[in-house]
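**Q** Shown below is the structure under consideration.
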Amino acid sequence: MPFFLHFCKRMKSFKALIFAISFMFLLPSALKATGDEPLVGGPTFRLTPNPVNGSFFHVNLDFNANEYPDAGIIISDVLGKTVYFQTLKQSDFAEGRVRISVMDANLNKGVYFLQIKSGDTSKTQKLAIR
């Protein structure tokens, strides 16, 4: 904390204060959420393989249609723009996983965020395409 106060006094600007506050509160939470471990609440799922080196990956569903009947898969780029959307069908739940083609989803190399959303509930994991 003294470092931030010293930094703010030296900069004598509102921007420095905002930076210090955001660094203290936002960075620790960003470091905790790696996207590899399931979070509490929401539909749970696993991405395999992740990172993706081939032409497709699987979203393994650890929930059923009764729990989240209107669930859908949303893939967003790092700017938050939705680049892919798919509503889960009964056959997806029966199989327990969804196969997504990298080419069909128009995913270039990079980092994306895959979210499964159902109503007001959602869960997001990081997805890396190599």
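The numbers here are math on the coordinates, done by the rules we state, and not lab data. Values in this document were obtained by computation on a predicted structure and should not be read as measured data. In this analysis, Cβ positions are derived from the backbone assuming ideal geometry, glycine residues included, and neighbour counts consider all displayed protein chains.
**Q** Mind putting a number on the dipole of segment 45-129 about its Cα centre? Charges go on the C-beta only, +1 for Lys and Arg and -1 for Asp and Glu, and I need it in Debye to the nearest 20.
**A** 280 debye
**Q** ³J(HN,Hα) across segment 85-90 via Karplus (A = 6.51, B = -1.76, C = 1.60, θ = phi - 60°), whole Hz, x for Gly/Pro?
**A** 9, 8, 7, 6, 9, 4
**Q** Something else: Rg(Cα) of segment 45-129 divided by 2.2 N^0.38 Å?
**A** Compactness ratio reported: 1.02.
**Q** Taking the number of other C-beta atoms within 10 Å as the exposure measure, put VAL102, VAL52 in order starting with the fewest.
**A** The order, fewest Cβ neighbours first, is VAL102, VAL52.
**Q** Another question, if that's okay. LYS126 to MET103: extension gain in nm, 0.36 nm per residue of separation minus the Cα-Cα distance?
**A** Extending this stretch completely gives an extra 6.4 nm.
**Q** Identify, among ALA71, PHE56, TYR84, the residue whose Cα sits farthest towards the positive end of the charge dipole of segment 45-129, taking +1 on the Cβ of Lys and Arg and -1 on the Cβ of Asp and Glu, with the dipole about the Cα centre.
**A** Of ALA71, PHE56, TYR84, it is PHE56.
**Q** How far apart, in nm, are two points set 7 Å out from the Cα along the Cα-to-Cβ line at VAL78 and at THR48?
**A** 2.8 nm
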